[in-house]
1. Tell me, what is the 1.4 Å probe accessible area of VAL193, in Å² to the nearest 10?
2. Note the per residue figure in Å³ for the convex hull of the C-alpha positions in the chain.
3. Quick check for you: with a 1.4 Å probe and neighbouring chains kept, what is the accessible area per residue of the range 540-726, in Å²?
4. Putting +1 on Lys and Arg Cβ atoms and -1 on Asp and Glu Cβ atoms, find which of ASN614, GLY582, VAL141 reaches farthest to the positive end of the dipole of the chain.
5. Counting only C-alpha contacts under 8 Å and six or more residues apart, can you give the relative contact order of the chain as a whole percent?
6. In Å and whole numbers, how far do the C-alpha atoms of the range 287-351 stretch along each principal axis, longest first?
7. Step through the residues of the range 504-515 one at a time and calculate ³J(HN,Hα) from phi using the Karplus curve (6.51 cos²θ - 1.76 cosθ + 1.60, θ = phi - 60°), rounding each to whole Hz and writing x for Gly and Pro.
8. What is the magnitude of the charge dipole of the chain about its Cα centre, with +1 placed on the Cβ of each Lys and Arg, -1 on the Cβ of each Asp and Glu, and no other charges, expressed in debye to the nearest 20?
Amino acid sequence: MKPYSRLSLLGFLLISNWGFSAERPNILFLFSDDHAPNAISCYPGGLFDEISPTPGIDRIAKEGMRFDRSYCTNAICGPSRASILTGQHSHLNGFIDNNSSYFDGLQTTFPDLLRKAGYTTAMIGKWHLHSNPIGFDYWEVLPGQGAYYNPDFIQMDNTKKRFDGHCNDLVTEKGLTWLKQAADSDKPFMAMVQYKAPHRNWAPAFRHLNLFDGTDLPEPATLFDDYANRSSVLKEHEMGIYKHMYWGHDMKFDGKNPFPAHFSSGLPDRQFGRLSEEDKKIYRAAYDDENTKLIADMKAGKLDQKAVTKWKYQRYIKDYLRVIRSMDEGITKILDHLDQTGLAENTIVIYSSDQGFYLGEHGWYDKRWMFEESLMMPFVVRWPGKIKPGSVSQALIQNIDYAPTFLEAAGAEIPSSMQGKSLLPLFKASGEAPSGWRDSIYYRYSGERTHAVAAHDGIRTADHKLFWVPKTKEYQLFDMKKDPQEMKSVHQDPAYTEVFTKMKKKLDDTRKKYRVHSAVIGEPRGAGWLKRHSSMSTKAKNKKHDLLFIGDSITQSWEGPGKDTWNKYYGERNALNLGISGDRTEHVIWRLNNGNLRNQKKAKVAVVMIGTNNTGHNKQAPSEVKDGVNRIVSTLRARCPEAKILLLGVFPRGLNPDDPKRKNNVEINKLISTLHNGERIHYLDISDKFLNAEGILTKEVMPDALHPKEKGYQIWAEAIEPKLKEFGL
Ligand code: CA
């Protein structure tokens, strides 16, 4: 907004809960990828504090507040970003991993709410949620991970455009260009300026290719961790500096890997491939002396395994800090711009990163584990006049708090779907948490095919950390005060019996609080099921369908007792049956994210009827089944962006109206009916059509009071036909 035109903004004045009226602040959210607090000089105790790697970011902390216990919900790129946008943990917003998930941008997100509240909004840089951004007046994002050199950006018309230069510099420039334009608007702004750096493969701006040459940077104390005294799953990792650094991609060598015992092969340095011929020469020359010397020393047998690991660590960490340098320069430029234009005064500036990263601690690079180095997110915030400069908070905060914070700062309502809490009370109180603030954070990593880190979930309190590894059915407990490097799990130590018991109870309670339950967490079933799943996925892959039916045995049996009706109604309508007998919501969630919707972007209608097996299995609470159904509907909305979703009430079961299972389904229907929005999602309850006047399920319709017979399928087809026609089928 125009800094000197505030009188025209009287209409936007509000009484803040800080007790004085204030103009609504601009929000500038600077964000990066994989930036560990240990590599930020304003965070005390970092290995590189002496070389001050981040003067720009340090300035935000110096003029504002630093949070020392800032954590992510799920330490990978996409999931952290989805939690930030929605204020929800991954299992509820559906973006649980980078491989199978696909973000539904139509769910409640803070940018969209801010826009509705009168903000102008922008998203520039790394997005990494597969679907295009929604809720922004302007966006320009990197495709997937994006490139460091001469990167492509997806434009708002969905075309890709290549730009010359280093990605960090381009993100800074694009951010500045937008900020300058936004200054002409009468609206306050919210801008997300999101860097790719310092994500692997750490390709520096050319001006920094030789930064730190000739010096050895310090090593972490746990670089040669042997993983004793902790779960055996730690040793299974594929993210070690010693074993898993690629000759080309990570270590920046050209040609064939001559030392396969020390370096991984098969992944070339793709960033190199993006350079012009001239730049390729400059790039090679920058690494050439060190590379030539290493090869000669290795051939001469001068380096043992430990020495090679140390060499790799230096190459890795220098490139990591080099890519941070150009980002930090960009942040400085942006801060200078805010100062020069007078915008600084009424702009909240936040710097954070989607999670931390291992800088050699435990012998690792990468993230995923619930250990501090990757669980932590940097979080520094400046808000002149509101936040005391140089303040530090020890409160437990999490990325689900960002959305409520931004909304409250803008004077907008915080929706009840958001699981985080606004940080404004902490800003106001110099970082002190108000009474009743959370005393633990919840973390959940669902596993991915890369890096071999076992799925786990857990909590971290001020003093302890507990996590559960389903694969080996074991807990890990750490005393964060006595063992901050997490080198020994004390879950079997008799001295910790009481702590262990309390922490286990707290983990259970926290899971309940955040609605971590089976109905919403995608889960595959056994071999027979997988066979049908993959045959359906093949059908999906081979053909675009117009009409999808999604559900359990009741849907599958369109192929049995429903066959004639199916042929009559859907035989010529390009329909696909995605029903599997016995499925609960969690199984459908898994299927939809693992192949069943491949190639179905053009589907016109998806008919969903699911939930009765959640009732049959253990009479699962209707609120939990609703979470599961919501996830299914949300997944369909994202993956089939043109489809209307016809969400059917769960069909009646049990002979009589007072059958407990019948009643459970009725309660589920009450809740899922609220998912209707008349736009993409249409709820329809056809239950009554299966019942006689007394509410009895007759044998003629459903002989076992659960599965329809031929007549039941006719009733179903007739009942939804008007809707299908309305949707253009
Ligand atoms: Ca990341």
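The values are calculated or read from the model by the stated rules, or taken from the named source; none is laboratory data. Bear in mind that the values here come from a model prediction, so they are computed numbers and not experimental data. Neighbour counts run over all protein chains shown; Cβ positions are idealised from the backbone, glycine included. With ligands, DNA and RNA removed, areas are computed over all heavy atoms of the protein, side chains included. Shrake-Rupley method; radii C 1.70, N 1.55, O 1.52, S 1.80 Å.
1. Number for this one is 0 Å².
2. Details: hull volume 130.7 nm³, N = 729.
About 179 Å³ per residue, rounded to a whole number.
3. Details: 7490 Å² over 187 residues.
In whole numbers, the range 540-726 has 40 Å² accessible per residue.
4. GLY582
5. Values: 1509 pairs, mean separation 109.8, N = 729.
Worked out over the chain, it gives 15 percent.
6. On the principal axes, the range 287-351 reaches 61, 21, 7 Å in Cα extent.
7. So the Karplus estimates, Gly and Pro as x, are 5, 4, 5, 4, 4, 4, 5, 4, 5, 4, 9, 6 Hz.
8. Details: 100 positive and 89 negative charges, 313 e Å.
Dipole size: approximately 1500 debye.
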